[in-house]
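Step one of this worksheet: look at the structure below.
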Amino acid sequence: MPGDACRFFAYATGQACVSERGISAVEREVLQTIDQVLETPRALSSWIPRPPAVLPRLLACLRDDEASLREACSLIRADPYLAAEVLRLANSARHQHGTPVTELERAVTRVGIEGLRRTVSASLVRPLFDTMREPLLGQALPRLWAHAQTKSDWCQAMASDRGVDAFDAYLAGLTHNLGWIGALKALGRTAALSNPQNAQGYSTEFALALGRRSERMFGCSAEQWQVSEALSRLGAALRECSLEDLREALAEVLRQADAQATRELATA
């Protein structure tokens, strides 16, 4: 919905939309830059960070209840930060049962498949939202990550009522805002718009158009990542159609969770 889209734009950038005027020539230039990138999908890798190659491998071995935890331990051990996160979760109040765990194998067993999926995904996606050089992104990225976390929780909570795999929904919510990194990077590189206090502000028409571009950037990227079949299908659909117009169950869950997260955070 336009209201939620403008509310999210204001939340991410710290700037309200201006509805009294149409899209400016400079704003149109930003959109044209993104359109040119979308015409050559391979160029997206320099605009949107790609999840580590180990993510789909880890998720593959954690996909089924009969997953190979030995293989998962081997992959997790190769990443000290990820291993530390698994140990931290295993010793948290939620999973604490007696003696603290210090061995990764025992930590993996204690956390379980579902806990590992969430921990692995969040730990490997979180660094993609780290601060970048562009001032606009430096301000927006912590907000985008907070929104992604809230959205992914809502996605998981809503999934069962729609007949959607809960982890597929969680992963979609966690990665969806990556498209905004590319969109805001294009915006931040346009000097006349990167500091709206010294310009005319952002038009509502531009904010809505930029949001659609961010969806397409996410869609094209997710299709390339091949993190999961569900995420690839969602990406292919978003490359051709807006999230608002899609009627697939996963898309509907993502749309509702996105709006709910925006209402929670933008009005906090």
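Just so you know, all these numbers are worked out from the coordinates, no wet-lab data involved. Bear in mind that the values here come from a model prediction, so they are computed numbers and not experimental data. Ideal geometry is used to build each Cβ from the backbone, glycine not excepted, and the neighbour counts take in all protein chains shown.
How do the peptides 114-125, 171-182, 37-48 rank, highest first, by the average count of neighbouring beta carbon atoms within 10 Å per residue? Display every interim value, and only then the final one.
Details: 114-125: 20.1, 171-182: 26.7, 37-48: 14.7.
Ranking, from highest mean packing down: 171-182, 114-125, 37-48.
Using the 2.2 N^0.38 Å rule of thumb for compact globular proteins, work out how region 56-123 stacks up: its C-alpha Rg over that value, please.
On the way: Rg = 10.8 Å, N = 68, 2.2 N^0.38 = 10.9 Å.
So the Cα radius of gyration is 0.99 times the expected 2.2 N^0.38 Å.
Helical content alone sets the calculated 222 nm signal of the chain at -21500 deg cm²/dmol, taking -39,500 (n - 2.57) per DSSP H segment of four or more residues and averaging over every residue.
Once the chain from Gln256 to Ser160 is taken as fully extended at 0.36 nm per residue, the excess over their C-alpha distance is 33.2 nm.
Summing Cβ point charges (Lys, Arg +1; Asp, Glu -1) relative to the Cα centre of region 18-118 gives a dipole of roughly 320 debye. If you wrap the chain in the convex hull of its Cα atoms and look at it from every side, the mean projected area works out to 14.7 nm².
Computed over neighbours whose Cβ is under 14 Å from that of Ala148, the net charge equals 0, Lys and Arg +1, Asp and Glu -1. Placing +1 on each Lys and Arg Cβ and -1 on each Asp and Glu Cβ, with no other charges, gives the chain a dipole about its Cα centre of roughly 600 debye.
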